[in-house]
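Input: a single structure, listed below in structure tokens.
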Amino acid sequence: MLTLNVNGKSHEVDADADMPLLWALRDLLGLTGTKFGCGIAQCGVCTVLVDGVPLRACVTPVSALAGKKITTIEGLSADSSHPVQQAWLAEEVPQCGFCQSGQILTAAALLAKTPQPTDADIDQAMAPVLCRCGTYPRIRLAIQRAAKIVKESRHG
Amino acid sequence: MAERIEVSRRNFLKIGAALGGGLLVGIDAAACGRKDIAPVNNAGQQGIFAPNAWIRIGVDDSITLLVGSSEMGQGVMTAIPMLLAEELDADWAKVRAEFAPAHASYTNPIIGRQHTGGSTSVRGFWQPLREAGAATRELLIQAAAQRWNVKTAECSTEPSVVIHNASGRRLRYGELVEQAAKLAVPETAFLKEPKQFRLLGTSVPRLDTPAKLNGTAVFGQDVKVPGMLIAVVARCAVFGGKLKSVDASAAKQIKGVRHVVEIDAGVAVVADHFWAAQRGRDALKLEWNEGAAATLDSAQIRAALVAAVDSGKSARNDGDVNQAWQNAAKKIEAVYEVPYLAHACMEPMNCTAHVRKDRCEVWVPTQGQATAQHQIGRHTGLKPEAIQVHTTFLGGGFGRRSEYDFVVEAVQISKQLGVPIKVIWTREDDMQHDVYRPATYNRMTAAIDQQGTLSAWQHRIAGPSIFARVYPTGIKDGLDVTSLENAQNIPYAIPNVAVSYALVNAGVPVGFWRSVGASQNVFVTECFFDEAARAAGKDPLALRRELLKAHPRHRAVLELAAQKAGWGTPLPAGRARGIAVAESFASFVAQVAEVSIEHGVPRVHRVVCAVDCGMVVNPNIVAAQMESGIIFGLTAALKGEITLAKGRVQQSNFNDYPLLRIDEAPRIEVHIVSSTDPPGGVGEPGVPPIAPAVANALYALTGTPVRKLPIRI
Ligand code: FES
Ligand code: FES
């Protein structure tokens with residue numbers, strides 16, 4: 001038995017030490033918002049935040065996560081009110097939607113570190129997450145919009 | 001109100017009461033689309049799942065619309081309800097969409113079965129669903145008129161409310177449903193005139209966005225059924241290979257592995273979770289009879305195409321190409337080649353099935369509910385009414401999910417084990433067991449006469465046929481229309497045109513890939529057109545305009561894209577523009593790409609896209625689909641290539657079959673032509689022009705034509 005801290009809750013999971021976090025989340029904890037796209041850290045759709053840093057759950061063994069705080073899309077906000085989610089809604093970013101958990105969490109991590117990102121910051125931070133539907137132009141717009149929401153909420 | 005429609009005589013509507021007092025309206029879309037009058041025949045299925053209800057209006061005013069088309073990102077889960085809601089005069093804020101089960105009443109009138117493909121959803125359902133919405137609105141008006149004891153002609157509607165014009169009395173739809181459920185199908189109804197539209201033509205928010213922001217959207221991969229086990233299947237790496245022997249003893253030792261079973265596709269390892277199933281598969285000792293395809297490689301396939309290209313069957317022969325060739329002042333010749341491509345849906349293939357003795361349920365991201373149901377029937381012996389198909393969200397489709405291989409796998413495993421089984425493909429499985437966009441070899445010739453006119457055009461295509469695999473009787477005189485679209489019908493006014501097609505069965509399974517034949521032929525024809533323009537000493541845009549006089553919609557999008565892109569205005573050093581236009585799926589798209597070369601690689605900075613897709617249902621979704629098609633097409637233009645060696649696909653994952661990333665994505669502007677033509681498709685038409693627009697920009701930049709995809713400089 002291993003303990004994982006996911007979205008602020010401790011979970012006991014019966015997993016071998018080398019089981020990737022992705023499958024512990026999806027198949028053992030039933031948190032299916034984190035997706036499987038490649039299994040080799042190439043597509044980013046399995047991205048979760050570990051202590052706030054984007055990480056590929058498909059290649060991270062559960063044994064590496066003791067004592068760390070894991071955030072999945074289900075835990076980003078209780079009501080889709082995170083600035084990134086608000087901006088994503090306003091710009092209608094998702095198409096098929098399959099990559100969007102990875103996109104949203106990666107964008108949230110970017111804004112936490114760089115509240116007013118440049119276009120180059122956005123391209124660099126978001127490059128690990130593929131989108132076969134080509135939502136990239138809207139992701140750029142939505143991140144700029146989210147940055148504005150963050151700024152206004154700070155000043156307001 | 002303009003168009004009067006017959007409702008009761010055409011028999012496409014069924015009225016009923018919902019549990020809890022609401023109104024149910026069943027629609028037979030295929031019957032509705034027909035002009036002749038045929039009775040609805042869904043009687044046998046009613047009792048089991050009662051799915052024959054497209055519209056449910058509750059006493060609480062809620063409106064639930066069932067969508068029989070598959071949502072794979074293209075926005076159909078919003079567009080289809082918009083068609084119904086418009087004529088129903090529904091309050092959009094009260095509209096919810098649900099996925100419909102597999103059932104004949106969701107038949108797409110263009111395709112003839114319940115299937116999503118060929119950019120046909122809005123085109124196919126445009127008329128029937130608006131008629132059904134109008135008839136339902138009429139029904140609610142009748143209910144209100146009865147209640148008030150007035151004539152229906154004295155009543156009108158505002159969103160989800162019937163109004164008595166003279167007295168100003170109002171009844172909400174929810175207050176009318178119980179009474180409406182007892183009425184007969186109205187005899188006639190009226191369709192709105194476009195100027196009366198409240199929803200169509202506006203960017204109402206997509207209904208599926210909220211679920212795609214918080215992890216609640218259920219894709220096939222996310223399906224959970226009590227007692228379900230997870231399966232991963234070992235398949236022969238060579239197409240058509242068969243299992244010779246399997247030693248599963250090591251696999252069965254792995255913690256979590258429950259069963260190892262043989263199915264037609266290979267050997268399935270069934271476990272408590274994916275991780276165990278995958279490790280179990282790795283531990284199988286397998287021997288295969290690889291069969292005839294075991295020596296296949298890309299060079300061999302190419303050689304077969306080269307050998308066949310001059311002996312194709314004629315698909316078009318206008319005028320006398322040979323004569324024009326002989327009289328030419330200038331002749332140009334070129335070979336164009338495109339590779340096999342994988343679909344690479346972001347969500348790898350999967351399906352969940354539960355086969356019982358007397359019935360079967362599947363949960364599947366599919367584009368083809370009718371095909372899935374039919375195939376399940378073949379493999380279980382069950383009747384369609386005993387086969388329930390639940391469609392989930394699709395993590396991409398692009399034609400790949402028109403297939404049913406993944407469905408059969410899940411059904412065969414569940415049938416053997418009697419428990420629900422979710423088959424999950426890895427990315428490697430998905431890439432190496434796809435049905436690929438055909439590779440083709442094209443020999444092009446063109447003649448310019450003494451006057452500088454493009455006098456002859458010859459296009460010889462050699463390639464494998466999609467129809468040969470999926471619809472052999474669709475091949476007429478050796479011609480597969482899917483391989484010829486946008487080649488046979490190039491729109492330019494050229495007096496002598498010859499197009500031929502040599503069908504070469506190369507041993508690699510091929511299938512429908514977003515925009516199908518247009519995905520390759522528009523690259524070939526629009527690039528060779530630029531070569532011809534240069535030979536004739538003309539600007540590529542000017543020559544297109546000149547030769548498209550009979551095609552005003554092509555011309556209009558070309559001119560709009562050119563104008564917005566600043567065609568002919570100076571660019572920074574090292575940059576050039578290219579343009580291309582295509583009609584596909586009843587829509588017209590032109591794109592201008594602005595390109596440079598950075599570190600030996602093409603960089604696309606900006607794409608300006610003009611689209612005429614007829615009457616627009618939702619402009620924001622149209623724009624999103626153009627952006628999507630452009631990015632998808634850029635991946636193909638700049639990166640995509642599937643190759644074979646020893647009968648095996650050499651690419652396996654995104655490390656060797658890369659997709660465009662955000663830092664490579666251009667700025668994209670989409671301009672929509674306002675139109676009163678019937679709606680065209682939007683899911684695919686954004687794809688075809690981008691590869692030639694980029695290639696033509698590189699040609700302008702370097703003077704060397706790009707004749708092969710993916711583009712290598
Ligand atoms: S599934 Fe982890 S990066 Fe693709
Ligand atoms: S929205 Fe479909 S893969 Fe990104």
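Does B:Ala134 satisfy the criteria of being in contact (Cβ under 8 Å) with a residue 40 or more places away in the chain and part of a strand (DSSP E or B)? Taking the combined requirement at face value, the residue does not satisfy it. Do we have B:Val267 as open to solvent by less than 20 Å² (accessible area, probe 1.4 Å) and not polar (S, T, N, Q) here? Yes; evaluated as a whole, the condition is true for this residue. Inspect all residues belonging to segment B:622-645 and state whether any of them is touching a residue at least 60 places away in the same chain (Cβ under 8 Å), more than 30 Å from B:Ala299 (Cα to Cα) and polar (S, T, N, Q). Looking for residues that are touching a residue at least 60 places away in the same chain (Cβ under 8 Å), more than 30 Å from B:Ala299 (Cα to Cα) and polar (S, T, N, Q), one finds at least one in segment B:622-645, hence yes. For B:Leu417, the criteria (1) over 21 Å from B:Asp320 (Cα atoms); (2) open to solvent by less than 10 Å² (accessible area, probe 1.4 Å) hold in every case but one, which is (2).
Residue count for segment B:89-115 under the criterion of being within 19 Å of the chain's Cα centre (by Cα) and outside any strand (DSSP E or B): the result is 10. Within segment A:12-23, at least one residue is buried (at least 22 other Cβ atoms within 10 Å of the Cβ) and assigned to a loop (DSSP other than H, G, I, E, B).
Kindly provide the set of residues from segment B:342-381 that are hydrophobic (A, V, I, L, M, F, W, C), surrounded by fewer than 24 Cβ atoms within 10 Å (Cβ to Cβ) and in contact with a Gly (Cβ under 8 Å, 6 or more places away or on another chain), ordered by number. Passing the criteria: only B:Ala342.
When segment B:143-153 is filtered for residues that are closer than 20 Å to B:Glu87 by Cβ and open to solvent by 10 Å² or more (accessible area, probe 1.4 Å), the ones remaining, listed by number, are B:Thr152, B:Ala153. Only one of the numbered conditions (1) out of contact with any Leu (no Cβ under 8 Å at 6 or more places or on another chain); (2) more than 9 Å from every other protein chain (Cβ to nearest Cβ); (3) over 20 Å from A:Cys38 (Cβ atoms); (4) within 16 Å of ligand 2 (Cβ to nearest atom) is not met by A:Gly102, and that is (3).
Go through the residues of segment A:78-92 one by one and say whether even a single one is closer than 20 Å to B:Ile668 by Cβ, in contact with a Lys or Arg (Cβ under 9 Å, 6 or more places away or on another chain), more than 16 Å from ligand 2 (Cβ to nearest atom) and open to solvent by 20 Å² or more (accessible area, probe 1.4 Å). There is at least one residue in segment A:78-92 that is closer than 20 Å to B:Ile668 by Cβ, in contact with a Lys or Arg (Cβ under 9 Å, 6 or more places away or on another chain), more than 16 Å from ligand 2 (Cβ to nearest atom) and open to solvent by 20 Å² or more (accessible area, probe 1.4 Å).
Would you be able to say whether some residue in segment B:212-226 is over 20 Å from B:Glu71 (Cβ atoms), in contact with a helix residue (DSSP H, G or I) (Cβ under 6 Å, 6 or more places away or on another chain) and more than 11 Å from chain A (Cβ to nearest Cβ)? There is no residue in segment B:212-226 that is over 20 Å from B:Glu71 (Cβ atoms), in contact with a helix residue (DSSP H, G or I) (Cβ under 6 Å, 6 or more places away or on another chain) and more than 11 Å from chain A (Cβ to nearest Cβ). Selection of segment A:125-146 for residues being surrounded by fewer than 22 Cβ atoms within 10 Å (Cβ to Cβ), more than 7 Å from chain B (Cβ to nearest Cβ) and among the aliphatic types (A, V, I, L, M) yields A:Ala125, A:Leu141. Quick check: is even one residue across segment B:75-82 hydroxyl-bearing (Ser, Thr, Tyr) and open to solvent by less than 10 Å² (accessible area, probe 1.4 Å)? Yes, that holds for at least one residue. Among the candidates B:Ile80, B:Ile110, the residue that is touching a strand residue (DSSP E or B) at 6+ places or on another chain (Cβ under 6 Å), β-branched (Val, Ile, Thr) and within 22 Å of B:Met615 (Cα to Cα) is uniquely B:Ile80. Given the condition acidic (Asp, Glu) and either surrounded by 22 or more Cβ atoms within 10 Å (Cβ to Cβ) or in contact with an Asp or Glu (Cβ under 6 Å, 6 or more places away or on another chain) (or both), answer yes or no: does some residue in segment B:244-253 qualify? No.
Of everything in segment B:222-243 that is open to solvent by 50 Å² or more (accessible area, probe 1.4 Å) and closer than 26 Å to B:Asp434 by Cβ, the residue that is nearest to the chain's Cα centre (by Cα) is B:Gly240.
For segment B:62-120, name all the residues that are within 14 Å of another protein chain (Cβ to nearest Cβ) and among the acidic types (Asp, Glu). Listed by number, the list holds a single entry, B:Glu71. Look at B:Val581 and say whether it is away from every other protein chain (no Cβ under 14 Å), part of a loop (DSSP other than H, G, I, E, B) and at pLDDT 95 or above. No: the conditions fail for B:Val581.
Per the listing A:Gln100, A:Gln124, the residue uniquely under 29 Å from B:Leu634 (Cβ atoms) and within 15 Å of ligand 1 (Cβ to nearest atom) is A:Gln100.
Candidates A:Thr71, A:Thr114: the one that is more than 16 Å from ligand 2 (Cβ to nearest atom), modelled with pLDDT of 95 or more and out of contact with any strand residue (DSSP E or B) (no Cβ under 6 Å at 6 or more places or on another chain) is A:Thr114. Of the residues making up segment B:181-209, those that are part of a loop (DSSP other than H, G, I, E, B), closer than 19 Å to B:Thr152 by Cα and of a type in the set (Val, Ile, Thr) number 1.
Within segment B:104-114, the set of residues being touching a helix residue (DSSP H, G or I) at 6+ places or on another chain (Cβ under 6 Å) and not basic (Lys, Arg) comprises B:Thr107, B:Asn108, B:Pro109, B:Ile110, B:Gln114. Residue count for segment B:690-713 satisfying the condition of being farther than 24 Å from B:Thr643 by Cα and touching a residue at least 40 places away in the same chain (Cβ under 8 Å): 8. Within 14 Å of B:Gln114 (Cβ to Cβ), assigned to a helix (DSSP H, G or I) and modelled with pLDDT of 95 or more: does that describe B:Gln388? Answer is no for this residue. Consider segment B:188-211 and keep the residues that are under 22 Å from A:Ser101 (Cβ atoms) and crowded, with 18+ Cβ neighbours inside 10 Å. The one that is farthest from the other protein chains (Cβ to nearest Cβ) is B:Leu207. Considering only residues in segment A:13-50 that are in contact with a Pro (Cβ under 8 Å, 6 or more places away or on another chain) and farther than 18 Å from A:Phe98 by Cβ, the one that is farthest from ligand 2 (Cβ to nearest atom) turns out to be A:Ala17. Mind listing whichever residues of segment B:393-408 are open to solvent by 10 Å² or more (accessible area, probe 1.4 Å) and more than 14 Å from every other protein chain (Cβ to nearest Cβ)? Of everything in segment B:393-408, those that are open to solvent by 10 Å² or more (accessible area, probe 1.4 Å) and more than 14 Å from every other protein chain (Cβ to nearest Cβ) turn out to be B:Ser402, B:Glu403, B:Tyr404, B:Asp405, B:Val408. When segment A:26-70 is filtered for residues that are more than 14 Å from chain B (Cβ to nearest Cβ), open to solvent by 20 Å² or more (accessible area, probe 1.4 Å) and away from ligand 1 (no atom under 11 Å from the Cβ), the ones remaining, listed by number, are A:Asp51, A:Gly52, A:Val53, A:Ala64, A:Ala66, A:Gly67, A:Lys68, A:Lys69.
The values are calculated or read from the model by the stated rules, or taken from the named source; none is laboratory data. None of the values given here were measured: they were computed from a predicted structure. Positions of Cβ are generated from backbone atoms using ideal geometry, with glycine treated the same way; all protein chains shown enter the neighbour counts. All accessible areas refer to the heavy atoms of the entire protein, side chains included, with ligands and DNA or RNA removed. Shrake-Rupley method; radii C 1.70, N 1.55, O 1.52, S 1.80 Å.
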